[in-house]
Amino acid sequence: MKPTLLDLREEFCFTIVELADVAEVETQVVYCMLIGRPVSRWQANKVLLGFKRLSGKTYRLEDISVNLIQPDS
């Protein structure tokens, strides 16, 4: 089973504000990812880059469980 951002947050002990600041996204984006609400692929990638900056660990979208907004068909 893939970890969620919430799992990573518990393991690496960062706050929503810390991650949002480092990722350069609104705190709402991080909060949405934490509770499983959909975010854009671009936003999710920025959050994961911020996570890498905080933790030194690299995760790709394929490595975690994240709910992405589906583009219109």
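Structure data summary
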quantity	calculated
Those residues of segment 48-64 which are surrounded by 14 or more Cβ atoms within 10 Å (Cβ to Cβ) and either of a type in the set (S, T, N, Q) or in contact with a Phe, Trp or Tyr (Cβ under 7 Å, 6 or more places away or on another chain) (or both), in sequence order	Leu48, Phe51, Leu54, Ser55, Tyr59
Residue ID - surrounded by the fewest Cβ atoms within 10 Å (Cβ to Cβ), chosen from residues in segment 9-27 that are aliphatic (A, V, I, L, M) and assigned to a helix (DSSP H, G or I)	Val17
Pairs with Cβ under 6 Å, 6+ apart, first in segment 46-73 and small (Gly, Ala, Ser), second assigned to a helix (DSSP H, G or I)	Gly50/Leu19; Gly50/Val22; Gly50/Ala23; Ser55/Phe12
Filter result for Val30 (surrounded by fewer than 12 Cβ atoms within 10 Å (Cβ to Cβ) and either modelled with pLDDT of 95 or more or assigned to a loop (DSSP other than H, G, I, E, B) (or both))	no
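The values are calculated or read from the model by the stated rules, or taken from the named source; none is laboratory data. This is a predicted model, so every value here is computed, not measured. Positions of Cβ are backbone-derived with ideal geometry, glycine not excepted, and every protein chain shown enters the neighbour counts.
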